[in-house]
Amino acid sequence: MVAGRGEYPERIVVVGGGLAGLRTIEELRAAGYRGSLTLIGAESRPPYDRPPLSKAFLSGAVDDTSLRPAGDLAALGARIRLGERAEWLGDGVLRTDLAEYPFDRLVIATGARPVTLPGGAGQRVLRSFDDALALRETIAAGARMVIVGAGWIGAELATAAAARGCQVTVVEAGAAPLAAAVGAEVGAVTSAWYAQAGVELLLGRAVGSIAEGGLELAAGGWLAADVVVTAVGVRPDVGWLEPAGVLLDNGVVVDSRLESSMTGVYAVGDCAAFWSERFARRMRPEHWDVALRAPVTLAANLLGGDERYDPVPYFWSEQFGRMLQFAGDHRAATEFLWRGDTATASWSACWLAEGDDALAGRRLVAMLTVGAPRDFAQGRRLIEARALVDPAQLADPGVSVRAAAIEASPGV
Ligand SMILES: Cc1cc2nc3c(=O)[nH]c(=O)nc-3n(C[C@H](O)[C@H](O)[C@H](O)COP(=O)(O)OP(=O)(O)OC[C@H]3O[C@@H](n4cnc5c(N)ncnc54)[C@H](O)[C@@H]3O)c2cc1C
């Protein structure tokens, strides 16, 4: 039996040794938790940072993506079980491939794993340090690399491989790069970057299967390659929980307190589909920022608090020498505008929705900036404040984003 909500949890177990798992044990200790803490991770490495894997690590600029020196981890006073995989969840007990762990509270932070395509032979993915290490060894000058998927990871991979002299082809089933994340109209602007970097971009081509030496397109045709990397997205790593009866729907379903349908069982990070009161829908953003910050709320709730996690999602990407930053949720947008010239090094895409009070203006609900960190910082604050903006002012790069806000609107 798990401890009731009001009872102090003597034993907290965290499954998943990624950023979300690490941050959870850090925040629990920071909040003064002195009980027994166990972190169980399937990978044999201590927690590390994934974003550099497709950027500075792949390009060869850094060799290490450690989050913490080993001593700091030891200072947390937690039992750290690496190379151990959780397999079964019962009432107040977790079983791994090596042992059983009774708990008063359990945190599921098992992240996500890449989707793979039929065929398999020779197919590579990029999720873990080991994936990145193996890939880095293959991207020698002149190697033919085919990347399946022109999403965030595909674009970053193409950037690193092209910079290291590979002949890179990116095959994308959609009409534009990043179409699933920011829509085809905005994503299409990035197509030119591929050509400028010497990367061939094939749009509207679904891949049928992958074989040794290349891949078969769904509509027929063979693309030869020395290396094929599949970068078509990830799925929450929660299959092991199916027999447990905890509610799963595109991840572990949790409320805005990050608690699941099972009392005492919480989830955080890429595996958690949390309820956003701000956007009135369930979200699973797969963003580093969530794994970093949600554990603050989670730790408070594990210790009897009643806090809500309700962020404006934030993501960044570095591709073809450009810094992209995205904040918000554009699903509810009713209008869209460009700020600046997309042929230049600095521009933004802004999504707007109807204002919900008597003030004239539109609410800024999402923003993608390219090479415009100041605009991004100001835009993100306006989104968080649900501020109203004057669309004409916002579209004018001569006016600061902050100054485009309507003075009487909230948060301004
Ligand atoms: C190459 C790459 C680049 C990225 N770049 C960016 C970026 O630029 N910006 C951004 O915002 N985000 C980026 N991300 C996303 C970001 O890294 C993730 O959102 C973040 O890592 C999620 O952390 P997590 O702890 O929830 O999950 P994970 O990092 O996936 O960690 C989960 C851990 O749980 C382990 N595990 C799984 N199942 C079990 C089990 N049954 N038992 C025990 N352990 C288990 C896994 O092995 C893994 O170690 C990137 C991701 C990748 C892969």
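Is it true that Glu277 is among the charged types (D, E, K, R) and away from the ligand (no atom under 14 Å from the Cβ)?
yes
Can you tell which of Gly77, Gly142, Gly71 is more than 27 Å from the chain's Cα centre (by Cα), part of a helix (DSSP H, G or I) and surrounded by fewer than 19 Cβ atoms within 10 Å (Cβ to Cβ)?
None of the other options fit; the residue is Gly71.
Just name the residue that is surrounded by the most Cβ atoms within 10 Å (Cβ to Cβ) out of those in segment 145-184 that are more than 16 Å from the ligand (Cβ to nearest atom), under 22 Å from the mean Cα position of the chain (by Cα) and assigned to a helix (DSSP H, G or I).
Ala179
Tell me, which residue of segment 33-51 that is of a type in the set (A, V, I, L, M, F, W, C) and within 7 Å of the ligand (Cβ to nearest atom) is surrounded by the fewest Cβ atoms within 10 Å (Cβ to Cβ)?
Ala42
Looking at Asp131 and the list (1) within 19 Å of the chain's Cα centre (by Cα); (2) assigned to a strand (DSSP E or B), which single condition is not satisfied?
Answer for Asp131: the failing condition is (2).
Of the numbered conditions (1) over 19 Å from Glu84 (Cα atoms); (2) part of a strand (DSSP E or B); (3) of a type in the set (A, V, I, L, M, F, W, C), Ile40 satisfies every one except a single condition; which is it?
Every condition holds for Ile40 apart from (1).
Every residue, every condition in (1) crowded, with 21+ Cβ neighbours inside 10 Å; (2) at pLDDT below 95; (3) part of a helix (DSSP H, G or I), yes or no:
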{"position": "Ile210", "(1), (2), (3)": "yes, no, no"}
{"position": "Ala219", "(1), (2), (3)": "no, no, no"}
{"position": "Leu241", "(1), (2), (3)": "yes, no, yes"}
{"position": "Asp270", "(1), (2), (3)": "yes, no, yes"}
{"position": "Phe274", "(1), (2), (3)": "yes, no, no"}
{"position": "Arg282", "(1), (2), (3)": "no, no, no"}
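Answer with yes or no whether Asp270 is touching a residue at least 12 places away in the same chain (Cβ under 8 Å), within 13 Å of the ligand (Cβ to nearest atom) and touching a strand residue (DSSP E or B) at 6+ places or on another chain (Cβ under 6 Å).
For Asp270, the condition - touching a residue at least 12 places away in the same chain (Cβ under 8 Å), within 13 Å of the ligand (Cβ to nearest atom) and touching a strand residue (DSSP E or B) at 6+ places or on another chain (Cβ under 6 Å) - is met.
Across segment 367-381, what is the total count of residues that are closer than 22 Å to Ala188 by Cα and without any contact (Cβ under 8 Å) to a residue 60 or more places away in the chain?
Total satisfying the criteria: 8.
The values are calculated or read from the model by the stated rules, or taken from the named source; none is laboratory data. On a predicted model such as this, the values are computed, not experimentally measured, just so you know. Glycine gets a Cβ as well: all are built from the backbone with ideal geometry, and neighbour counts include every protein chain shown.
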